[in-house]
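Coordinate-derived values only; no laboratory data. Note that the structure is a prediction, hence the values are computed from the model and not measured. No Cβ is skipped: glycine too gets one built from the backbone with ideal geometry, and neighbour counts run over all protein chains shown.
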Amino acid sequence: MNIWKDISGYEGLYQVSNTGIVRNIRSDKKGILKGSDNGHGYLQFSLYKTGKIKTYKAHRLVANAFIPNTDNKQDVNHKDGNKYNNKVENLEWVTKSENLKHAWDMGLKCVSQKQISALRSISSKKVLDTSTGTIYSSAKDAADSIGTHYGTLMNKLCGHRTNNTSLIYI
């Protein structure tokens, strides 16, 4: 049996069910919306309000409506690993690291030996702070020292993001 709740920010316009169905409650059709795949295997819905469209993943709509997020975790995990099973009992709030660990444990994320070797070689490189001359034994140490997230610093050092720090690999 579906239990319906208004979607936050779209009260009186759209509702989501505890099974991941979204409906328009204002239109003449008052119908169930047809979701689409977002290209990464998640069901998503496009919601309209005041002439603007915004797209939301079904599992986040369900979690926001039905699952209290008392620890303020940022990700929603599908317990069974099925991205189309958006029933409330299959969802939980998790941290990014909990989500990645779950994906790894479920065999949803696979890392090759080549990727592991590459990560080990990069993470063991020393890092120089060109403004102070300080040499860090790793990017992790450098990130901790300057108070930034390790992954963010790695992306900057590897050239995947703009490096606005004075840190470089040596």
By its C-alpha gyration tensor, with a ≥ b ≥ c as the square roots of the eigenvalues, how is the stretch 62-109 shaped: rounded for a/c under 1.5, else prolate for a/b larger than b/c, else oblate?
oblate
Among 65, 20, 50, which residue has its Cα positioned farthest towards the positive end of the charge dipole of the stretch 4-105, with +1 placed on the Cβ of Lys and Arg, -1 on the Cβ of Asp and Glu, and the dipole taken about the Cα centre?
50
With only helices counted (DSSP H, runs n ≥ 4, each -39500 (n - 2.57)), the per-residue ellipticity at 222 nm for the chain, to the nearest 500, works out to -7500 deg cm²/dmol
Quick one: what are the phi-derived ³J(HN,Hα) couplings along the stretch 60-76, Karplus 6.51/-1.76/1.60 with θ = phi - 60°, whole Hz, x for glycine and proline?
6, 4, 5, 4, 4, 7, 10, 10, x, 10, 5, 9, 6, 7, 9, 10, 10
Taking Rg/Rh (Cα atoms, Kirkwood Rh) as the quantity of interest, determine which of (1) 1.37; (2) 1.12; (3) 0.95 was computed from the displayed structure.
(2)
Summed side-chain charge close to residue 20 - residues other than residue 20 whose Cβ falls under 15 Å, Lys, Arg +1, Asp, Glu -1:
+4
Distant-in-sequence amide H partners of residue 25 (H built 1.01 Å from N, under 5 Å)
14, 15
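Shape verdict for the stretch 4-105, please, from the Cα gyration tensor: rounded (a/c under 1.5), prolate (a/b greater than b/c) or oblate. Kindly include the intermediate steps, with their values, before the conclusion.
On the way: a/c = 2.09, a/b = 1.78, b/c = 1.17.
Prolate is the answer for the stretch 4-105, as a/c is 1.5 or above and a/b outweighs b/c.
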